[in-house]
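Take a look at the structure set out below.
The values are calculated or read from the model by the stated rules, or taken from the named source; none is laboratory data. Note that the structure is a prediction, hence the values are computed from the model and not measured. FYI the Cβ positions are ideal-geometry reconstructions off the backbone, even for glycines, and counts take in every protein chain you see.
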Amino acid sequence: MSGWTQSRRRKHSDSDTETSRSSSTLTASITFFVGASITAFLFFANPYLTPFEGYHQVNDAVLLWVPLMAILLFLRQSPSDFGLAAGDKKFGYRAVIIAILCMVPILWFASTRSSFQNYYGDTLRQPLAIGYYAFDPIVRRPALNLVGLVYYEAMMGFYFFCWEFFFRGFLLFGLAKFKFLGQYGAVFVQTLPFTLLHWSIVASASKPPLEILSAFFGGLLLGALAIRTKSFFYGFLIHWAIALGLDLFFIVPSLLHHAN
């Protein structure tokens, strides 16, 4: 009797394991399909999305709401399974502080490069031309609207939240369910579309070559951080801080120079 009971338990255990594997493979497959579709759409659409607000509305919707609907309606899982959680706070916040300190000299160096000045100068003119920060052609000096600037950086913050949720949340944790990939294989795979979307077939929309290169290594590090902390939140803070820091390195020196 005891042997028969143990045999039934083993069969149930094997059945549960097989069901779990099938569920994981389905989750990873749907993640791959949705992720590839979103990446392809943004790759071809982003160079033509204008104005500034229009670009962000489309990207925010596609990067956040589409994956969320896939998780809730098709996969019927919790967003926390895809990194939408606090995770390891102690390690995460420590990593954020260290990353920001390490990035300060790098951001200063980038702000002195003509490729970054040309690209982000053109990028900033779209939102800044409607009052955030503009060069007054009459008095020939910059004019700063602090309220507008805060709004602009907050909008960018939400954009990076959506960006990190898609790559270091949805894609990373979803693809990690492929047994042949595993967690760190998924870190590498999600880095590829992340890097691709820094480049564009339209030359004027493509980011500086140095940033495209750094996006690959940055994607690996942020992915590893998300796996370690079980959350994309800390990568979001780092990404937003980098963008904010670069903006300040462009804006502050200009204001100080024309104030003298």
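Summary table
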| read-out | value |
| --- | --- |
| Verdict on residue 46 being in contact with a helix residue (DSSP H, G or I) (Cβ under 7 Å, 6 or more places away or on another chain) and in a helix (DSSP H, G or I) | yes |
| Subset of the range 18-71 [small (Gly, Ala, Ser) and buried (at least 19 other Cβ atoms within 10 Å of the Cβ)] | 28, 35, 70 |
| Residues of the range 66-83 satisfying the condition of being without any contact (Cβ under 8 Å) to a residue 12 or more places away in the chain and not in a helix (DSSP H, G or I) | 76, 78 |
| Matching residues, the range 228-248, being surrounded by fewer than 19 Cβ atoms within 10 Å (Cβ to Cβ) and on the phi < 0 side of the Ramachandran plot | 228, 243, 244, 245, 248 |
| Flag if residue 200 is assigned to a loop (DSSP other than H, G, I, E, B) and at pLDDT 95 or above | no |
| Test: residue 180 is over 22 Å from residue 119 (Cβ atoms), without any contact (Cβ under 8 Å) to a residue 12 or more places away in the chain and hydrophobic (A, V, I, L, M, F, W, C) | yes |
| Qualifying residue in the range 178-189 (condition: out of contact with any helix residue (DSSP H, G or I) (no Cβ under 7 Å at 6 or more places or on another chain), part of a helix (DSSP H, G or I), among the β-branched types (Val, Ile, Thr) and surrounded by fewer than 22 Cβ atoms within 10 Å (Cβ to Cβ)) | no |
| Complete set of residues in the range 86-144 that are modelled with pLDDT of 60 or more and of a type in the set (D, E, K, R) | 88, 89, 90, 94, 113, 122 |
| Residue count, the range 84-103 (criterion: crowded, with 16+ Cβ neighbours inside 10 Å and part of a helix (DSSP H, G or I)) | 6 |
| Pairs with Cβ under 8 Å, 6+ apart, first in the range 84-108 and under 30 Å from residue 71 (Cβ atoms), second assigned to a loop (DSSP other than H, G, I, E, B) and charged (D, E, K, R) | 85/230; 87/230; 88/230 |
| Which numbered condition residue 222 fails, given (1) at pLDDT 95 or above; (2) hydrophobic (A, V, I, L, M, F, W, C); (3) farther than 13 Å from residue 160 by Cβ | (3) |
| First in the range 22-42 and of a type in the set (A, V, I, L, M), second anywhere and assigned to a helix (DSSP H, G or I) and modelled with pLDDT under 95, Cβ under 7 Å, 6 or more apart | 30/74; 30/75 |
